[in-house]
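So the structure is just underneath, and the comments pick up after that.
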Amino acid sequence: MRRPMLSYDAAGLFDVEAGLPSNFDASWSKRCQAAVEALQQRTSSGELGFLKLPEQNLGQLMTWAEGRQAEGWTDQIVVGIGGSSLGTRAVLEAMGPAWIPAIRTHFAENLDPVSLEATLRRVDLASTLLVVVTKSGTTIETMSQLWILYDAMVRQLGQVQADRQVIAITDPERGALRALARERDWETHAVPPNVGGRFSVLTAVSLVPLALAGYDVEALLRGAALIVRQGTRDLVGLAHISAQHIALYEKGFGQMVMMAYADRLGGLVDWFRQLWAESLGKARDRSGQLVNVGITPIKAMGAVDQHSQVQLYMEGPNDKQLLFVETASHPVGFQVPESPAMPEGLRHLQGRGIDEILRAEARGTRAALSRAQRPTALWRLESTGAPAVGGFLMSWMAITALAGELLNIDAFDQPGVELGKIIAHGLLGHPKHGQFLDDLESTPSESHFSRWPAD
Ligand SMILES: O=P(O)(O)OC[C@H]1O[C@](O)(CO)[C@@H](O)[C@@H]1O
């Protein structure tokens, strides 16, 4: 039998006291079928595009990227946040160590002056592309940093040259960035309007910077395609995974820890957190009823968090679903050397690979959590090559969308993030967003305010 590119072991969700019952699959079967039909219907009507992304032909993109690489650029700064950067970062980190990038990639995500300065010190703007990614074209963090970086380029290289070095990835028609790109004649790539930001890792949003960096984006899509190759059959299988998490949520397991056992898998967990949290954390269901639903995603890293979080996961409230993510192979290896000086109790480590030790730690931790009646599951990527990474991404996009159908919520909007943005714009002087400022003006009452050192 061929080794699978990706595998999922859910036994630990069933084998614990408050876990899933043995008739789980049968009892959720009808709901899963209905969820799949609904998702397929929304896909075939053109409302949702992410399931179709593996069908793209990337020939043109590859030729374009090779042409750009041949121009001799050394670096790209990807300016974007949330769904406009997390997917790119996840793939770069996961596949990175096996790759010698054609163009080095830096990110301008958070509004941290020190990070921005550090990025500027690492690059030579004369040989750097500015890849700005924002689907809406209005995101405050992205547009402010674009303006700073573009201004620095204009001052150093002149406007004509700076305009040649900007690549804008945004909605094909709408938004401030699209308008700006038209005005300045920047090169553009379109984000399909029917693919939401957090579902956009297999669109130009990530494929453009990844192709520029020389990554095998075609293999990424091939891996994603394998997950949904059998259409309904595959989707029903994925819907049962969504249902497992929802059923556990309904039993009181309202948090979901994704614990990655390899540093380079950490970016995938960051990507997953946005996908899961923004898609499923909703106040109302589709009929408008107040439900305040959501399963809180938590990032953990093995083995480091065994020395930090695991005590809580073992003995604290039994309200967490724990997903382990590991890779079966690494592009490089280290062995603990043999030595007569090795202390007695550690001799069994001699000759062991550190990957072998890490795997044993993951197994040990999962087994211990199971003994403590905590529900666990394991995702294993055969390697962190493009197909397995693409497969992981597509699996979780489908599981998340299907979970939205099962919960009867809209997994593709994010109304809860708007108010904070409006207030921030108001604070910064936006002429139309001053309505909440009075509430902020009042000083906190002394009984709820502390300062150190005390007067
Ligand atoms: O691509 P944009 O429009 O800049 O949005 C960035 C992110 O901001 C959000 O709209 C809100 O956090 C996300 O859904 C999105 O991925």
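Which value, in Å³ per residue, describes the convex hull spanned by the Cα atoms of segment 84-144? Before the final figure, lay out each step's value.
Values: hull volume 6.3 nm³, N = 61.
Value for segment 84-144: 103 Å³ per residue.
Just to be sure I understand the model, the point goes 7 Å from the Cα along the line to the Cβ. What's the resulting Ser287 to Ile100 distance in nm?
That separation, rounded to one decimal, is 6.2 nm.
Please list 3J(HN,Hα) in residue order for segment 311-320, calculated via the Karplus relation 6.51 cos²θ - 1.76 cosθ + 1.60 where θ = phi - 60°; whole Hz, with x for glycine and proline.
4, 5, 5, 6, 10, x, x, 8, 10, 10
How much FRET efficiency would the formula 1/(1 + (r/R0)^6) give for Arg3 and Ser308, where r is the Cβ-Cβ distance and R0 is 35 Å, rounded to 0.05?
Working: r = 33 Å, r/R0 = 0.93.
Step by step, r from the Cβ atoms, then E = 0.60.
Between Asn318 and Gln60, what is the FRET efficiency for a Förster distance of 30 Å, r being their Cβ-Cβ separation, to the nearest 0.05?
Approximately 0.05, to the nearest 0.05.
Quick one: check the C-alpha center-to-center distance for segment 97-143 versus segment 417-455, whole angstrom.
30 Å
Could you please state, rounded to a whole Å, how far the C-alpha centre of segment 334-390 is from the C-alpha centre of segment 147-167?
48 Å
Taking the Cα-to-Cβ direction at Asp25 and at Ile422 and moving 7 Å from each Cα, how far apart do the two end points lie in nm?
4.8 nm
Please list, in chain and number order, the residues 5+ apart from Leu129 or on another chain whose amide H is under 5 Å from its amide H, with Hs placed from the backbone.
Asp75, Gln76, Ile77
Please go through segment 127-191 and write out the GluC sites (Glu not before Pro) that DSSP classes as loop and that have at most 14 other C-beta atoms within 10 Å.
Working: sites: Glu141, Glu173, Glu183, Glu187; in loops: Glu173.
Filter output for segment 127-191: Glu173.
Can I get the semi-axes of segment 50-215's equivalent ellipsoid? Compute them from the C-alpha gyration tensor as square roots of 5 times the eigenvalues, in angstrom, largest first.
Working: eigenvalues 94, 70, 52 Å².
Over the Cα atoms of segment 50-215, the ellipsoid semi-axes are 22, 19, 16 Å.
Along segment 49-62, what does the Karplus equation 6.51 cos²θ - 1.76 cosθ + 1.60 (θ = phi - 60°) give for ³J(HN,Hα), rounded to whole Hz, x for Gly and Pro?
Values per residue, Gly and Pro as x: x, 5, 5, 8, 4, x, 7, 4, 9, 9, x, 4, 4, 5 Hz.
List the lysines whose Cα sits under 18 Å from the Cα of Lys299, skipping any in the same chain fewer than 8 residues away.
The reachable lysines, counting only those whose Cα sits under 18 Å from Lys299, are Lys320.
Pairs of Cα atoms under 8 Å, at least six residues apart: use those to get the relative contact order of the chain, whole percent. Walk me through the numbers before you get to the answer.
Working: 729 pairs, mean separation 100.6, N = 455.
Across the chain, relative contact order equals 22 percent.
Say each of His430 and Phe334 gets a label point 7 Å from the Cα, pointing the same way as Cα to Cβ; how far apart are those two points in nm?
4.8 nm
What is the calculated FRET efficiency for Thr296 to His348, with r their C-beta to C-beta distance and R₀ = 51 Å, to the nearest 0.05? Present the calculation step by step, with values, prior to reporting the outcome.
Working: r = 39 Å, r/R0 = 0.76.
Taking R0 as 51 Å, the efficiency between Thr296 and His348 is 0.85.
Taking amide H positions as placed 1.01 Å from N in the peptide plane, with prolines and chain starts having none, which residues 5 or more places from Val291, or on another chain, fall under 5 Å of its amide H?
Hits under the 5 Å cutoff: Arg284, Asp285.
What is segment 303-455's relative contact order, in percent, from Cα pairs under 8 angstrom and six or more apart in sequence? It would help to have the intermediate numbers written out before the result.
Working: 105 pairs, mean separation 33.1, N = 153.
Value for segment 303-455: 22 percent.
³J(HN,Hα) across segment 221-237 via Karplus (A = 6.51, B = -1.76, C = 1.60, θ = phi - 60°), whole Hz, x for Gly/Pro?
So the Karplus estimates, Gly and Pro as x, are 5, 4, x, 5, 4, 4, 5, 10, 4, 8, x, 3, 4, 5, 5, 5, x Hz.
Hey, got a sec? Which trypsin sites (Lys or Arg not before Pro) in segment 214-299 land in a DSSP loop and have at most 11 other Cβ atoms within 10 Å? Kindly include the intermediate steps, with their values, before the conclusion.
Numbers: sites: Arg222, Arg229, Arg233, Lys251, Arg264, Arg273, Lys282, Arg284, Arg286, Lys299; in loops: Arg229, Lys251, Arg286.
Those that pass, being in a loop and sparsely packed, are Arg229.
Readers should treat all values here as calculations from the given coordinates under stated rules, not as data from a laboratory. Quick caveat: nothing in here was measured; it's all calculated off a predicted structure. Heads up, the Cβs are rebuilt from the backbone with ideal geometry, glycines too, and the neighbour counts pull from every protein chain shown.
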